[in-house]
Amino acid sequence: MSEGDSIENLSQEIVELKKELNAVILVHNYQVPEIQDIGDYVGDSLGLSQQAAGTDADVIVFCGVHFMAETAKILCPDKTVILPDKDAGCSLEESCTPDKLVELQATNDNFFTIAYINCSARVKALSDAICTSGNAKKIVEQCPADKDLLFVPDENLGQWVMEQTGRPMTLWEGSCSVHVEWTHSTILKISDEYPGAPVVAHPECTKAVRILADEVCSTEKMVNYCRQAESESIIIATEAGMLHRLQKECPDKKFIPAPTEKCACNECHFMKMNTLEKVRDCMRELSPQVELSPEIIERARLPIERMLEWSVK
Ligand code: 13P
Ligand code: SF4
């Protein structure tokens, strides 16, 4: 940050640029506190897609990771979608290349492919339905009964959905590099330190962690769970950015980050590539922008729209 670029100055400049550009700032729950604090909407992947689909702004400033901004562009092809750092990727997205997916799909003509939203636009374009962690159960329940389900790219989320629905699925072997860091023993250890504190975990965590959780849900559903929880202390097994959101929503509660074997909490380095300065710069320069071919947009839009439709059923 250069001199004069205090958080206050940058935030003020962002507010002015927002007016000038008729922009909306969409922010994922894992962003650093100062970015969350300038967001028009802060939420999970599902909420962010719904906001993008419904906005009348000319410019969408997407503060999350690349696949999220891509989803906004697919839903709003005529709008300018900018993001603070084009290199903010995702280990799940990286694990599932279009070529490898095509190869697997070719092994069964009866596959119906459900892609977790954490994947590239090209993978979305090869899929039949998209889901997020907030609606995965609902989406799988509505998939055609006579089809063989293929779930990509998060095997932990896929496993959790199979447990919830009883529907067998072929699972892609991908995982979130952040959420697999929590282990059964690190959760037991922190639970011993805070007896009675419920454990809330994201479904990208492994089964060894999920079985110890009182609630397994998307980041936005964590907010609802924590608001209603009777306990004053709650253990959170998801990316550290979530703690700021939860503390803002529930100021009287104490949130304890679940530790990993290496660290007292856990951050997604992709999410943390974004800074307030980069948000300001992308708005000043209208760059970097998400650019996708019309063919990919047209094909990838179908399974995303199906998801949005099935989410409200
Ligand atoms: P949510 O949709 O639950 O916010 O999850 C997004 C994500 O990337 C989790 O790692
Ligand atoms: Fe991807 Fe995991 Fe980071 Fe979420 S936390 S963006 S799933 S690497």
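For segment 134-231, what does the relative contact order come out to in percent, with C-alpha contacts under 8 Å and a separation of six or more?
Here the relative contact order equals 25 percent.
With no solvent and one equal point scatterer per Cα, compute the Debye intensity ratio I(q)/I(0) for the chain at 0.07, 0.08, 0.09, 0.15 Å⁻¹ and report its log10, rounded to two decimals.
Scattering profile of the chain, log10 relative to I(0): -0.27, -0.35, -0.45, -1.22.
If the elastic network links every pair of Cα atoms under 10 Å, which of LEU171, LEU21, LEU157 fluctuates the most in the Gaussian network model of the chain?
For the chain, modelled as a Gaussian network with Cα springs under 10 Å, the answer is LEU21.
Ranked by Cβ crowding within 10 angstrom, fewest neighbours first, how are GLU230, GLU20, GLU181 ordered?
Going from sparsest to densest Cβ surroundings: GLU230, GLU20, GLU181.
DSSP H helices in the chain with Cα extent of 20 Å or more along the helix axis and mean Kyte-Doolittle hydropathy at least -0.5?
Within the chain the helices that satisfy the rule are 7-21, 294-311.
Restricting to bridges with both residues inside the chain, how much of the DSSP beta-bridge set is antiparallel, in percent to the nearest 5?
5 percent
At 222 nm, what value in deg cm²/dmol follows for the chain if DSSP H runs of at least 4 each add -39500 (n - 2.57) and the sum is divided by all its residues, to the nearest 500?
Value at 222 nm, helices only: -12000 deg cm²/dmol.
Kindly provide the pair-distance distribution of segment 73-176 built from C-alpha pairs, with 10 Å bins from 0 and whole-percent values in order of increasing distance.
Bin by bin from 0 Å, the calculated values are 15, 47, 29, 9, 0.
Can you sort GLU305, GLU232 so the residue with the fewest Cβ neighbours within 10 Å comes first?
Result, fewest neighbours first: GLU232, GLU305.
Just want the ordering: GLU285, GLU155, from fewest to most Cβ atoms lying within 10 Å of their own Cβ.
GLU285, GLU155
Where is the GNM fluctuation largest for the chain (alpha-carbon springs, 10 angstrom cutoff): GLY196, GLY134, GLY158?
Of the options given, GLY196 has the highest mean-square fluctuation.
Determine the relative contact order of the chain: mean sequence separation of Cα pairs under 8 Å and six or more apart, normalised by residue count, in whole percent.
The normalised contact order for the chain reaches 22 percent.
If the viscosity is 1.306 mPa s and the temperature 10 °C, what Stokes-Einstein diffusion coefficient in µm²/s follows for segment 1-145 when Rh is the Kirkwood radius over Cα pairs?
95 µm²/s
Here, each number is a calculation from the coordinates, and none is a lab measurement. It should be emphasised that the depicted structure is a prediction, and the values quoted were computed from it without experimental measurement. Positions of Cβ are backbone-derived with ideal geometry, glycine not excepted, and every protein chain shown enters the neighbour counts.
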